[in-house]
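Input: a single structure, listed below in structure tokens.
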Amino acid sequence: MIKMQVASLEGEGPHLTSDDIATKVLGTGPTYYRGLRYRPRLPSSKSRFDQGIETIATMQQELEKHKSQLEGAHKLIAELQEENKAIRAN
């Protein structure tokens, strides 16, 4: 890279900017966008799929937890209604 900078400054080769030299030395990869330079790599579709599965599993666990809480609340309501009927009967 330094040799290319020196050659460019001495006029021995074509005038290259630091970006041009970096592109020649490092190349361009899937994270390089012309004009925007380098950006973080987007997650692959497989990792997004895995994240989706994890999210669904977590949501199912939460749903089961809420269902059991709801069943407990229904039982409590039924017990209170029975007590209320017993009190009214006396």
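The values are calculated or read from the model by the stated rules, or taken from the named source; none is laboratory data. Bear in mind that the values here come from a model prediction, so they are computed numbers and not experimental data. Counting neighbours? That spans all protein chains shown, and the Cβs are built from the backbone with ideal geometry, glycine included.
Answer yes if at least one residue in region 42-59 is in a loop (DSSP other than H, G, I, E, B), surrounded by 10 or more Cβ atoms within 10 Å (Cβ to Cβ) and at pLDDT below 80, and no otherwise. Taking every residue of region 42-59 in turn, at least one turns out to be in a loop (DSSP other than H, G, I, E, B), surrounded by 10 or more Cβ atoms within 10 Å (Cβ to Cβ) and at pLDDT below 80. Here L26 clears all of (1) modelled with pLDDT of 85 or more; (2) over 25 Å from the mean Cα position of the chain (by Cα) except the condition numbered (1).
Could we say that E10 is at pLDDT 70 or above and surrounded by fewer than 11 Cβ atoms within 10 Å (Cβ to Cβ) here? No: the conditions fail for E10.
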